1. Does residue 300 satisfy the condition of being under 18 Å from the mean Cα position of the chain (by Cα) and not assigned by TED's automatic domain parsing to the domain that holds residue 30?
2. I'd like the residue in segment 135-153 that is of a type in the set (A, V, I, L, M) and farther than 19 Å from residue 206 by Cβ and, out of all such residues, is farthest from the ligand (Cβ to nearest atom).
3. If only one of 46, 19 is within 15 Å of the ligand (Cβ to nearest atom), in contact with a helix residue (DSSP H, G or I) (Cβ under 9 Å, 6 or more places away or on another chain), in a strand (DSSP E or B) and more than 17 Å from residue 218 (Cβ to Cβ), which one is it?
4. Taking segment 214-238 as the region of interest, how many residues are among the polar types (S, T, N, Q) and within 14 Å of the ligand (Cβ to nearest atom)?
5. Among (1) in a loop (DSSP other than H, G, I, E, B); (2) touching a Lys or Arg at 6+ places or on another chain (Cβ under 8 Å); (3) of a type outside the set (Phe, Trp, Tyr), there is one condition residue 26 misses while meeting the rest; what is its number?
6. Suppose we filter 255, 182 for residues that are surrounded by 17 or more Cβ atoms within 10 Å (Cβ to Cβ), within 12 Å of the ligand (Cβ to nearest atom) and on the phi < 0 side of the Ramachandran plot; which single one remains?
7. Looking at segment 130-151 only, could you name the residues that are in a strand (DSSP E or B) and under 16 Å from the mean Cα position of the chain (by Cα)?
8. Among the numbered criteria (1) under 21 Å from the mean Cα position of the chain (by Cα); (2) closer than 17 Å to residue 270 by Cβ, which single criterion is violated by residue 308?
Amino acid sequence: MLNSSILLSAAERFGTPFYLYDVDFITERVERVYRFFKQFDFHLAYAVKANFNLDILKRLNELGTMVDIVSFGEYEQVRKAGFTPDRIVVNGNCKSSGELKHYVSDGVFCINLDSFEELLRLEKLADKPVRVAIRVNPDVDPKTHPHIATGLKENKFGVDYETAERMVQLISKSRFIRLVGLHCHIGSQIVEVGPFKEAFESMRNFASKLGLNLELVNLGGGWGIDYGDGRQLDLNEYEKEIFPILKGFGAKVLLELGRWIVAPAGFLVTKVEYVKRTKNKTFIVVDAGMSHLIRPALYGAKHRIEPLYPTNHRPTIVADVVGPVCESADTFAKGLKLPEPKEGELVVIRDVGAYGYAMSSHYNLLRKAPEVIYSKENYLRASSA
Ligand code: LLP
């Protein structure tokens, strides 16, 4: 972890709570993923939804990645960061006609079609060549939290293979729409290779059954990171199990990682306001809440919480760490053991670079946490986002 003195000096400058992102870590992750896939014609299309911070996007633009976007807001943000349309992949299950027109006219790299209905809509409005991939729903259980499983047949995303086949036929007769690939994204925070294997094999079988000559295969995102329980996607196993399937496609490989690239680069620093003792429990009340980080409340997510104060000679207490929001769900940890903090001391909540600030709100009219960028070159600065 970047050392705690950096977080403490950021706290002095920016006040709490705040998010801090280590952009050098993000660079290392990007370089690592390109090295990992070096035997393939490969591109990372970073999933902007995980963290749309402008400084992060600018860094990714400099590194030459592509991006995956799911709304016009994200489209404008990546354009602002310098991404040209030919490096933008468009996702999402609800693209309006106006948005589609814009993507066609700008010439984005690829639009991932989420439904037959969307194809009909695009066919009606396309007035120049447009590249598409079909998002298939392979009906695979990703063994993750149900809120973030997306590739089961009861989920709203993608199409079954029968529908995909009808779409292929329709596209083959289209004047402007060109099928360049297949796409699937089965879920997020996936720590087992098995579900990926099942999904990609079924996609490959579909492609070969139809004799599709694909330019690209888009694997979606979903790589699970270690939030502190030691469980994460094993990349050695991934290489062993997945690379042979990818070779079978003989196509360019796209990967839409979000979390794996940015989550461990993010820190949420918050101040202890009170240590409240009731007859039943001890609560550490901090100044960040579910408005700043909703993952624990929404998914039961567990993030490591660590002291940024001297811990020697402090008694260990068992406490719930809670925020200021008027909801009992506003709880970051239950029954956490840690050296007793004093009022005004700081703790850090880790691995919040993905789906942290991006999902934050103004609930209870709390002030949005500022975002701070750390890099070896520039040390600390307020983000321009
Ligand atoms: N591609 C598509 C089409 C997606 O829907 C997603 C995430 C990704 C890529 C990136 O997935 P990642 O590599 O980050 O797992 N808010 C939830 C996660 C929602 C993920 C939504 N889609 C959370 O905090 O866990």
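The values are calculated or read from the model by the stated rules, or taken from the named source; none is laboratory data. If you're wondering where the values come from, they're calculated on a predicted model, not measured in any experiment. Ideal geometry is used to build each Cβ from the backbone, glycine not excepted, and the neighbour counts take in all protein chains shown.
1. Values: under 18 Å from the mean Cα position of the chain (by Cα): yes; not assigned by TED's automatic domain parsing to the domain that holds residue 30: yes.
Against the criterion (under 18 Å from the mean Cα position of the chain (by Cα) and not assigned by TED's automatic domain parsing to the domain that holds residue 30), residue 300 qualifies.
2. Per the criteria, the residue is 149.
3. 19
4. So the count comes out to 2.
5. With respect to (1) in a loop (DSSP other than H, G, I, E, B); (2) touching a Lys or Arg at 6+ places or on another chain (Cβ under 8 Å); (3) of a type outside the set (Phe, Trp, Tyr), residue 26 is out only on (1).
6. 255
7. 149, the sole residue that qualifies.
8. Going through the list (1) under 21 Å from the mean Cα position of the chain (by Cα); (2) closer than 17 Å to residue 270 by Cβ, residue 308 breaks only (1).
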